[in-house]
Amino acid sequence: MALGYAILLIISVSVLFGLLYWNTAVFVAEQTEETIEVEISGLAEHYQKAGIVGLSDVIRDRSQGQRLSLYLLTDQNRRPLAGNLNSWPTASRPGDWIDFEYQRPIGSRIVEHRAHARHFVLPGGFNLLVGYDVQDQVRLEQRMRGSMIWIGALALFLGLAGGLLMARHWLRRIDSVNKTAREIMDGDMSRRMQLSGSDDELDQLARNLNAMLDRIEALMAGLRQVTDNIAHDLRSPLNRLRSRLEVTIMEDPDKGTYRAALIDTMGEADDLLKTFNALLLIGEAESGLDWSKLEAVDLSIHTNDVVELYEPAADEAGISLRAHITSDIFVRGNPNLISQAIVNLLDNALKYTPSGGTVDVSVGVDDVGDAYFEVADSGPGIPEDEHTNVLDRFVRLEGSRSTVGSGLGLSLVSAVAKLHQARLVLKGNEPGLAVRMAFPRLLSA
Amino acid sequence: MRILIVEDDTDAATYIAKALGEAGHVVDMAANGEDALEIASDSHEVLIVDRMMPKLDGIQLVEYLRGDGVVTPVLFLSALGKVDDRVEGLRAGGDDYLVKPFAMAELIARVEALGRRKGTPETQTKLVCGDLEMDLITRDVRRGESKIDLQPREFKLLEYLMRNASRVVTRTMLLENVWGYHFDPQTNVIDVHISRLRGKIDKGFDKPLLETVRGAGYRLNAAD
């Protein structure tokens with residue numbers, strides 16, 4: 001990669017510099033020839049007007065001083081008549097452009113300079129050479145060619161060094177991602193990709209990988225907890241069930257006792273299944289259903305349906321069940337799980353509220369604009385310091401053990417809240433307990 | 001009724017067959033989807049199909065049968081109990097979906113409800129059960145001479161019971177079909193709804209129609 005980068009840089013620099021060099025050289029050469037042509041036609045004109053003597057005078061005039069123009073006027077036999085060149089520099093035919101070296105006095109020294117000139121024949125057979133000292137151009141071209149080599153070398157160096165540095169930088173970062181990935185594969189799920197802080201594409205990749213890992217870890221943790229709980233919490237009731245069967249057989253009982261034991265066992269199996277189902281549901285909610293699969297749920301209608309389902313039961317228990325439901329409140333969610341959460345809350349509220357009490361169910365929008373439903377009862381409530389505790393699995397408060405239920409009701413509600421990114425708030429209802437779940441509100445279905 | 005059980009767990013299939021036999025039905029068994037294709041015939045009134053089986057699985061089997069024009073009601077049995085799984089089963093052509101583990105009473109009630117479906121056209125506008133009459137269009141309910149006022153949900157509940165008259169319906173069936181819930185509330189909220197309905201249709205009449213079946217559910221008895 002570094003080499004490719006360097007080669008590309010060198011080619012680009014060469015092409016650019018080559019173009020510049022070529023354009024400059026051609027332009028300067030053209031300028032020189034143009035000047036010479038203009039001068040020749042001027043001199044030819046003068047010759048026509050003033051004859052060979054007049055032309056000699058002009059040339060002699062122009063040859064004074066340090067000018068860069070070169071002149072030589074000769075007779076038919078190329079004997080010099082006037083000009084600042086001593087002799088015809090090189091064989092040439094009339095009309096030819098010629099290049100030659102000549103001796104130029106600079107101060108006390110004589111220096112060899114390069115010149116470009118044209119051979120012109122005047123009527124009468126006189127030869128006129130008009131030229132131009134191009135030593136400066138030659139030097140410029142030489143310098144340009146020289147610097148081209150330097151620039152090429154520099155480009156090669158910079159290209160290679162830059163390419164290497166860049167490659168090393170990227171390779172090091174990709175290496176770090178690979179290393180982290182290997183560590184994660186080796187079992188350390190807590191490892192995360194390092195960010196360079198530059199927010200470039202590699203950083204974005206690392207961030208996305210990290211977000212993905214967070215999600216996977218959360219899912220795995222949820223799953224692990226479900227299996228842990230299933231193992232832990234189903235073992236003891238299964239053991240109890242087994243013991244009952246074993247003891248029944250040991251007792252050598254009559255038909256009636258057998259039957260009674262079997263019926264009890266079936267009841268226990270049913271309870272076990274209920275617990276098992278609740279655990280699976282919690283696991284499902286906690287490990288997160290596909291957020292994109294969630295749909296618009298009318299909280300008002302779903303809550304209303306649940307209230308309607310429980311209304312006769314509340315009535316029977318002598319509890320006043322009151323609904324305060326604002327209509328058309330929508331949230332994004334799983335309708336089945338939301339209904340189940342409302343059912344569990346209402347179930348609990350009715351279970352713990354004594355006859356003559358009240359249960360209020362409300363749906364609305366709170367001060368921060370979130371949609372919520374709330375179930376508030378006038379039962380014994382839950383002490384403040386146990387509020388977080390009751391959201392854990394299987395926690396049942398001392399003193400409420402006589403009431404039936406798997407003790408999973410609120411944990412499921414908590415899991416449903418987590419899945420919906422909803423806030424679950426427990427507070428005292430003086431007397432009683434109010435449980436509120438507040439969702440990000442969906443403004444239109 | 002003649003019923004075909006398609007289930008690769010032969011022990012489980014045998015228990016189900018025994019229970020259905022006790023309830024007075026004739027049972028055939030197939031251990032996988034391919035066998036079921038050979039055994040299934042017009043004489044079966046209900047097919048009980050396990051979802052996960054070797055060779056041809058339950059979903060494929062039912063899709064195949066439906067594609068072949070077989071309309072026999074199908075009850076899926078499955079260990080997969082999520083809402084998505086249920087939807088998948090019903091979409092493949094299943095008529096009901098029961099998640100394992102289940103109570104035999106539940107299974108029998110559902111199988112019998114499915115078997116009845118054949119003879120009860122959904123197109124009729126009037127349901128009659130003894131002297132109890134329900135007009136589905138005017139939403140009038142009468143027992144004998146007296147008119148009975150029902151709340152919308154009570155109407156739906158009674159309609160379901162009448163469509164399944166003389167058969168046991170379980171609490172879960174009621175929750176699913178009348179309320180649309182696929183989970184069980186802990187307290188017996190359904191019982192209270194039933195006793196309210198009973199207060200409206202049976203109170204003051206000599207012969208009670210709505211009967212509680214212990215350990216199973218309820219039955220609306222068609223008076224002879």
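Listed by first and then second residue, the pairs with beta-carbon distance under 8 Å, at least 6 apart or on different chains, first residue in the stretch B:155-177 and touching a residue at least 60 places away in the same chain (Cβ under 8 Å), second surrounded by fewer than 18 Cβ atoms within 10 Å (Cβ to Cβ) and among the small types (Gly, Ala, Ser), are B:VAL168/B:ALA105; B:VAL168/B:ALA216; B:THR170/B:ALA105; B:THR170/B:ALA216. Output yes when any residue across the stretch B:159-178 is within 10 Å of chain A (Cβ to nearest Cβ) and not β-branched (Val, Ile, Thr), and no when none is. Yes: one or more hits. When the criteria are applied in full, A:GLU374 meets the requirement of being surrounded by 15 or more Cβ atoms within 10 Å (Cβ to Cβ) and more than 14 Å from chain B (Cβ to nearest Cβ). Residues in the stretch A:138-156 that are loosely packed, with under 13 Cβ neighbours inside 10 Å and either in contact with a Pro (Cβ under 9 Å, 6 or more places away or on another chain) or of a type in the set (A, V, I, L, M, F, W, C) (or both): A:ILE149, A:TRP150, A:ALA153.
Among residues of the stretch A:336-350 that are over 14 Å from A:ARG436 (Cβ atoms) and in contact (Cβ under 8 Å) with a residue 24 or more places away in the chain, those with a beta-carbon under 7 Å from a residue that is among the aromatic types (Phe, Trp, Tyr) and part of a helix (DSSP H, G or I) at least six positions away or on a different chain give the pairs A:LEU350/A:TYR310. Checking the stated criteria, B:ARG219 turns out not to satisfy the condition of being within 25 Å of A:LEU309 (Cβ to Cβ), within 14 Å of another protein chain (Cβ to nearest Cβ) and outside any loop (DSSP other than H, G, I, E, B). Would you say B:ASP191 is under 26 Å from A:ASP305 (Cα atoms) and touching a residue at least 40 places away in the same chain (Cβ under 8 Å)? Taking the combined requirement at face value, the residue does not satisfy it. Evaluated against (1) touching a residue at least 24 places away in the same chain (Cβ under 8 Å); (2) surrounded by fewer than 19 Cβ atoms within 10 Å (Cβ to Cβ); (3) touching a Gly at 6+ places or on another chain (Cβ under 8 Å); (4) not in a loop (DSSP other than H, G, I, E, B), A:PHE120 falls short on exactly one condition, (2).
Sort out for me the helices (runs of 4 or more DSSP H) sitting completely within the stretch B:29-120 that have 2 or more residues that are surrounded by fewer than 16 Cβ atoms within 10 Å (Cβ to Cβ) and within 14 Å of another protein chain (Cβ to nearest Cβ). Quick ask: steps written out before the conclusion?
Details: elements: B:33-39, B:58-67, B:83-91, B:104-117.
Because the criterion is at least 2 residues that are surrounded by fewer than 16 Cβ atoms within 10 Å (Cβ to Cβ) and within 14 Å of another protein chain (Cβ to nearest Cβ), the helices (runs of 4 or more DSSP H) in the stretch B:29-120 that meet it are B:83-91.
If you go through the stretch A:327-342, how many residues are in a loop (DSSP other than H, G, I, E, B) and more than 14 Å from chain B (Cβ to nearest Cβ)? Selection size over the stretch A:327-342: 3. Screening B:LEU197 against (1) more than 26 Å from A:GLY267 (Cα to Cα); (2) within 21 Å of the chain's Cα centre (by Cα); (3) part of a loop (DSSP other than H, G, I, E, B) leaves a single unmet condition, (3). For A:ASN348, the stated conditions hold: it is within 10 Å of chain B (Cβ to nearest Cβ), buried (at least 23 other Cβ atoms within 10 Å of the Cβ) and either in contact with a Phe, Trp or Tyr (Cβ under 8 Å, 6 or more places away or on another chain) or not acidic (Asp, Glu) (or both). Within the stretch A:319-338, restricting attention to residues that are at pLDDT 90 or above and among the small types (Gly, Ala, Ser), the residue that is surrounded by the fewest Cβ atoms within 10 Å (Cβ to Cβ) is A:SER327. For the stretch B:200-214, filtering for residues that are of a type in the set (D, E, K, R) and under 22 Å from the mean Cα position of the chain (by Cα) leaves 2. Restricting A:LEU219, A:LEU238 to residues that are modelled with pLDDT of 80 or more and either among the aliphatic types (A, V, I, L, M) or exposed (fewer than 12 other Cβ atoms within 10 Å of the Cβ) (or both) narrows the list to A:LEU238.
If you go through the stretch A:48-82 and keep only what is farther than 11 Å from A:GLY131 by Cα, crowded, with 17+ Cβ neighbours inside 10 Å and in contact with a helix residue (DSSP H, G or I) (Cβ under 8 Å, 6 or more places away or on another chain), you end up with A:LEU55, A:VAL58, A:ILE59, A:LEU73, A:LEU81, A:ALA82. Which residue, of B:PRO185, B:PRO208, is within 14 Å of chain A (Cβ to nearest Cβ), out of contact with any Pro (no Cβ under 7 Å at 6 or more places or on another chain) and without any contact (Cβ under 8 Å) to a residue 24 or more places away in the chain? Unique residue meeting the criteria: B:PRO185.
Can you confirm whether the stretch A:286-295 contains a residue that is at pLDDT 90 or above and more than 10 Å from every other protein chain (Cβ to nearest Cβ)? No, the conditions are met nowhere in the stretch A:286-295.
Among all residues of the stretch B:96-103, there is none that is more than 30 Å from A:ILE263 (Cβ to Cβ) and free of Cβ contacts under 8 Å to residues at least 60 places away in the same chain.
Checked against (1) surrounded by 19 or more Cβ atoms within 10 Å (Cβ to Cβ); (2) assigned to a loop (DSSP other than H, G, I, E, B), B:LEU157 passes all but condition (2).
Does the stretch B:112-131 include one or more residues that are of a type in the set (Val, Ile, Thr) and touching a His at 6+ places or on another chain (Cβ under 9 Å)? Within the stretch B:112-131 (the criterion being of a type in the set (Val, Ile, Thr) and touching a His at 6+ places or on another chain (Cβ under 9 Å)), the answer is no, since none of the residues qualifies.
The values are calculated or read from the model by the stated rules, or taken from the named source; none is laboratory data. None of the values given here were measured: they were computed from a predicted structure. Note: ideal-geometry Cβ built from the backbone for every residue, glycine included; neighbour counts use all protein chains shown.
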